[in-house]
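Structure first, then comments.
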């Protein structure tokens, strides 16, 4: 609970990844130097793999049930084998926090990468239909334009499939709402432009009773990026801008005591930030 806001996490999966294939500019020495402080939910010392989670956040305000990011989804054809046509009990896990798809009033996608939009839709009688039939889906307008452009480009690299199975059905149903920087869903939730990882990436700022949680999507995947904020992932579209945006939000969290929650952090999946010289440190949990 943050003030009157109830916040829950809905898990999809947790997987190990080789850091050298995922992070750009992260040396083995840098990773090893931090290994002792990362803990087993973030780094497997035996295999040398980093551990990443995929999950949604659910925020219950006085007026709305809001779902942030919808993971990979079931039965989706994806180019990366680990995510191709997976099947998880995601909706059962949503039910475990006492919500059905029809209880969701808003779906917010921080950006439109495949692992943040998958459960936007479900396969029903051979067709992709919106999973959350009563919800409005909030996408950043710049992000939507960029994703649509990629989907219709001569070399879409799978973006065409992602667009057709997880975005277009929402648009055709009339449930899509395109928003700009500073869009206020209600008194508690504001969407802010946070570009770099993608051109239209957004952060969700949740405020209640003087407390703030920043749902930062993919600004950071892993605590190692707080110690080395200049480290991006292979998925960052504009590396220089991604670093600047990451530093800006990490600095705000450190200076103001805000909680930070991301889409891929291991347990407990959120924490506080402190400054450490020109870098930062991640402190798991700490409500």
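Every number here is computed from the coordinates shown, using simple stated rules; none is lab data. Worth saying up front: this structure is predicted, and the values here are computed from it rather than measured. Heads up, the Cβs are rebuilt from the backbone with ideal geometry, glycines too, and the neighbour counts pull from every protein chain shown.
Details
- Here the relative contact order of the chain, from alpha carbon pairs under 8 Å that lie six or more residues apart, stands at 17 percent.
- Taking the number of Cβ atoms within 10 Å of each Cβ as an exposure proxy, the fewest-first ranking of 264, 116 is 264, 116.
- Cβ crowding within 10 Å, taken as a proxy for footprinting-reagent exposure, orders 46, 121 from fewest neighbours to most as 46, 121.
- As a ratio to 2.2 N^0.38 Å, the alpha-carbon radius of gyration computed for the chain takes the value 0.95.
- DSSP-defined antiparallel bridges as percent of all bridges, the range 21-178, nearest 5: 55 percent
- Virtual paramagnetic centre 7 Å along Cα→Cβ of residue 256, amide N under 20 Å, in the range 93-118: 110
- Ascending count of other beta-carbon atoms within 10 Å, so fewest first, for 28, 164: 28, 164
- Cα gyration tensor shape for the range 189-287, rounded if a/c is under 1.5, else prolate or oblate: oblate
- Calculated [θ] (222 nm, deg cm²/dmol) that DSSP helices of n ≥ 4 give over the chain, each run adding -39,500 (n - 2.57): -6000 deg cm²/dmol
- Beta bridges assigned by DSSP with both partners in the range 6-284 are antiparallel in approximately 75 percent of cases.
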